[in-house]
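Structure record follows, encoded as structure tokens.
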Amino acid sequence: MTRTLTMSIMDPPYETATSTTAMRVIDAALRKGINVNVFAYEGAVSLTFKDQKPHPNPVHGTTVEEEKHPTTKDLVAGLFDLAREKAVKLDWINCGMCVDERGAGNWIEGPRRGGPPDLHKWVQESDQTVVIPTK
Amino acid sequence: MGDYVLVESRDPFESGDAPYFFKLAGDLAARGEKVTLFLVQNAVLAVRKGAKENSIAAAIDRGVEVMADSFSLRERGVLATERRAGVRLAEIGDLVDQMMADGVPKVLWH
């Protein structure tokens with residue numbers, strides 16, 4: 001039977017190394033055939049914000065292509081691709097109230113809107129729940 | 001009795017909480033619990049041989065399995081040979097294995 005890991009994350013994109021670590025954990029779990037639930041709340045709802053754009057670096061004199069600036073929305077999209085490839089489930093909920101506060105409702109394909117009751121349900125159903133706090 | 005996975009992400013030389021977290025790991029192990037302390041991000045700075053004492057050695061002595069994320073070490077230019085004895089190099093997948101192990105360990109992330 002496929003096991004399930006639930007994670008809650010709240011750090012916004014481009015602020016701390018925590019976002020990278022969380023995505024590494026999700027990536028590793030999916031590769032191990034583990035279903036992953038992600039409850040993104042507070043600033044983390046912007047991880048999947050569709051309007052993110054890579055940029056050049058005028059200080060270094062590099063173009064967009066040369067800079068290869070990774071966006072978190074593309075990293076998350078890659079996680080959804082990986083889940084499909086591995087035939088496991090990645091379920092990603094963006095906290096609705098947190099989204100509305102930030103006007104961050106335009107997100108990539110994959111995540112869905114939800115709230116704390118969804119997290120409560122996941123906690124009850126999952127094999128493990130990990131809460132990654134912010135500083 | 002239970003299994004614990006403690007994940008420390010903060011630099012013990014910046015966050016006063018981190019050494020307390022290491023001590024918590026040691027205290028749990030001293031009570032007979034199976035404890036894994038996984039260091040990631042700036043927390044891996046604690047495992048350098050030359051680092052000022054920060055409770056990591058005490059945690060190891062008390063039976064805590066200490067693992068340091070190799071990716072975080074590489075990012076910070078810390079060579080594997082620079083880590084103190086008793087610290088195991090680990091990948092992020094090892095953390096997933098620890099968290100999803102049989103018996104459902106309690107996971108604390110700091």
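The values are calculated or read from the model by the stated rules, or taken from the named source; none is laboratory data. Quick caveat: nothing in here was measured; it's all calculated off a predicted structure. Note that we place each Cβ from the backbone using ideal geometry, even for glycine, and neighbour counts take in every protein chain shown. For accessibility, only protein heavy atoms count, side chains too; no ligands or nucleic acids. Shrake-Rupley method; radii C 1.70, N 1.55, O 1.52, S 1.80 Å.
Probe of 1.4 angstrom, ligands and nucleic acids ignored: what's the accessible area per residue over the stretch B:19-65, in square angstrom?
I get 45 Å² per residue for the stretch B:19-65.
Normalising by the residue count of chain B, find the relative contact order in percent from Cα pairs under 8 Å and 6+ residues apart.
35 percent
Dipole size in debye (nearest 20) for the stretch A:1-131 around its Cα centre, Lys and Arg Cβ +1, Asp and Glu Cβ -1?
Here the stretch A:1-131 has a charge dipole of around 420 debye.
Where the only charges are on Cβ atoms (+1 Lys, Arg; -1 Asp, Glu), what is the dipole of the protein assembly as shown about its Cα centre, to the nearest 20 debye?
The calculated dipole for the protein assembly as shown is roughly 340 debye.
Ignoring ligands, DNA and RNA, what accessible area per residue does chain A give at 1.4 Å, in Å²? Don't skip to the end; give the middle numbers.
Details: 7040 Å² over 135 residues.
With all protein chains present, chain A gives 52 Å² per residue.
Can you quote the Å³ per residue value for the convex hull of the Cα atoms in chain A, rounded to an integer?
Cα convex hull per residue, to the nearest whole number: 115 Å³.
So if R0 is 41 Å, what FRET efficiency would A:Met97 and B:Asp102 give, r being the distance between their Cβ atoms, rounded to the nearest 0.05?
So the FRET efficiency works out to roughly 0.65.
Exposed loop GluC sites (Glu not before Pro) only (DSSP loop, at most 15 other Cβ atoms within 10 Å): please give the longest stretch of chain A free of them, not including the sites. Write out the running numbers ahead of the final one.
Values: sites that count: A:Glu15, A:Glu109.
Segment A:16-108 is the longest.
What does the highest-first list of A:69-75, A:28-34 look like by mean Cβ count within 10 Å? Before the final figure, lay out each step's value.
On the way: A:69-75: 16.9, A:28-34: 19.1.
Order by mean packing, descending: A:28-34, A:69-75.
Rounded to the nearest percent, how much of the accessible area of the protein assembly as shown (1.4 Å probe, protein heavy atoms only) is carbon and sulfur?
Carbon plus sulfur share of accessible area: 52 percent.
Go from 0 up to the bin containing the longest alpha carbon distance in the stretch A:71-135, width 10 Å each, and give me the % of pairs per bin.
All Cα pairs, binned at 10 Å, distribute as 17, 44, 37, 2 percent.
Work from the charge dipole of chain B (Cβ charges, +1 for Lys and Arg, -1 for Asp and Glu, about the Cα centre) and give the residue of B:Phe71, B:Ala57, B:Val107 farthest towards its positive end.
B:Ala57
Of the options A:Ile34, A:Asn57, A:Thr21, report the single residue whose Cα projects farthest towards the positive end of the charge dipole of the stretch A:8-60 (beta-carbon charges: Lys, Arg +1; Asp, Glu -1).
Comparing the listed Cα positions along the dipole, A:Ile34 ranks first.
Which of A:Lys89/A:Lys135; A:Lys32/A:Lys135; A:Lys32/A:Lys53; A:Lys50/B:Lys106; A:Lys32/A:Lys73; B:Lys23/B:Lys52 have a Cα-Cα distance over 27 Å?
A:Lys89/A:Lys135; A:Lys32/A:Lys135; A:Lys32/A:Lys53; A:Lys50/B:Lys106
Can you give the percent of C-alpha pairs in chain B whose distance is more than 16 Å?
Every Cα pair in chain B considered, those over 16 Å come to 52 percent.
For B:Ala68, what residues show an amide H to amide H distance below 5 Å, using hydrogens built from the backbone and excluding near sequence neighbours?
Placed amide hydrogens put B:Leu39, B:Arg88, B:Leu89, B:Ala90 under 5 Å from B:Ala68.
Size of the dipole of the stretch A:1-73 about the Cα centre, Lys and Arg at +1 and Asp and Glu at -1 on the beta carbon, nothing else charged, in debye to 20?
Details: 8 positive and 8 negative charges, 87 e Å.
Computed charge dipole of the stretch A:1-73: roughly 420 debye.
Need one word for the stretch B:1-58: rounded, prolate or oblate. Basis is the Cα gyration tensor (sqrt eigenvalues a ≥ b ≥ c); a/c below 1.5 gives rounded, then a/b vs b/c decides.
Working: a/c = 2.14, a/b = 1.77, b/c = 1.21.
Since a/c reaches 1.5 and a/b is larger than b/c, the shape of the stretch B:1-58 is classed as prolate.
Apply the a/c threshold of 1.5 to the C-alpha gyration tensor of the protein assembly as shown and tell me whether it is rounded, prolate or oblate.
oblate
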